[in-house]
């Protein structure tokens with residue numbers, strides 16, 4: 001874990017902090033980010049480091065840099081239009097394949113997150129769980145908070161490559177929402193799974209986190225009408 005952290009360059013670390021700032025301050029689409037000098041003072045880094053960090057967010061389509069105007073939050077923070085070319089995939093099978101991919105990946109991500117998580121990750125996850133519940137109770141779309149919850153779990157690992165898998169997870173959450181939104185009890189089941197994943201990660205219980213994430217994906221697949229491949233269950 002320590003070697004992974006030491007290997008991360010300063011601009012990447014500042015990019016992580018910028019993402020957290022956007023989430024914690026609940027910035028909306030089109031919001032202008034603070035000026036470079038303010039970010040320099042806030043994070044205690046040089047102008048060049050701030051610029052490199054902002055460019056990282058630009059490549060991820062989180063922000064839009066407008067010459068002479070500033071840096072603004074994009075309409076779909078963190079998601080490229082179609083980073084994996086999913087529009088060219090078989091749309092009839094896409095939801096099943098997305099969920100199957102998550103079943104392969106996310107239990108291991110949760111297990112590693114339990115070993116590497118930091119206290120700030122836990123506070124972020126808890127806040128997102130509360131926001132999901134609040135949005136659901138008010139009949140609002142809770143998927144942005146759902147996607148960010150899983151993003152925080154991935155960030156717990158400290159693995160940059162893992163972060164590149166997030167578009168698949170985000171797309172699966174959006175597609176799953178469309179399939180399960182009207183399934184009775186679906187949100188309640190997902191909410192209980194999320195809470196168990198959070199508690200397992202908080203307890204640094206890797207095996208429990210893996211099992212909770214697997215149960216979550218199996219429940220989502222069942223609610224989506226997707227067959228759970230027995231060979232993937234252990």
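Bear in mind that the values in this text are calculations on the coordinates, not laboratory data. Worth saying up front: this structure is predicted, and the values here are computed from it rather than measured. Virtual Cβ from ideal backbone geometry, glycine too; neighbours counted across all protein chains shown.
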Checklist entry - On full extension of the chain, what length is gained from residue 25 through residue 72, given 0.36 nm per residue of separation minus the C-alpha to C-alpha distance? => result 15.5 nm
Item to check | Computed label-point distance, nm, for sites residue 10 and residue 64 using a 7 Å Cα→Cβ extension | outcome: 3.1
Checklist entry - Hey, in the GNM for the chain with a 10 angstrom Cα cutoff, which one of 37, 63, 109 fluctuates hardest? => result 37
Next on the checklist: Between 0 and 90 degrees, rounded to the nearest ten: what's the tilt of helix 10-24 against the longest Cα principal axis of the chain?
Outcome noted: 70
Checklist entry - Between 149, 72, 43, which gets the highest mean-square fluctuation from a Gaussian network model of the chain, Cα cutoff 10 Å? => result 43
Checklist entry - If you project the alpha carbons of the range 86-232 onto their three principal axes, what span does each projection cover, largest first, in Å? => result 40, 36, 26
Next on the checklist: If a paramagnetic tag sat 7 Å from the Cα of residue 101 along the Cα-Cβ line, which residues of the range 173-213 would have the backbone N under 11 Å from that point?
Outcome noted: 173
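From the helices alone, meaning DSSP H stretches of at least four residues, give me the mean residue ellipticity at 222 nm for the chain, per-run term -39500 (n - 2.57), in deg cm²/dmol to the nearest 500.
Details: 11 runs with 155 residues, N = 234.
Theoretical 222 nm ellipticity from helices: -21500 deg cm²/dmol.
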Checklist entry - In the Gaussian network model of the chain, springs joining C-alpha atoms below 10 Å, which of 160, 93, 133 carries the largest mean-square fluctuation? => result 93
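I need the peptides 51-58, 186-193, 24-31 ranked by packing, meaning the mean over residues of other C-beta atoms within 10 angstrom, with the highest value on top.
On the way: 51-58: 18.5, 186-193: 17.0, 24-31: 11.2.
Packing proxy ranking, top to bottom: 51-58, 186-193, 24-31.
So, by mean Cβ neighbours within 10 angstrom, what's the order for 173-180, 110-117 with the highest one leading?
Ranking, from highest mean packing down: 110-117, 173-180.
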Next on the checklist: I want to check the label-to-label distance for residue 203 and residue 41. Put each point 7 Å from Cα in the C-beta direction and report it in nm to one decimal.
Outcome noted: 4.6
Item to check | C-alpha long axis of helix 47-59 to longest principal axis of the chain, angle in ° | outcome: 30
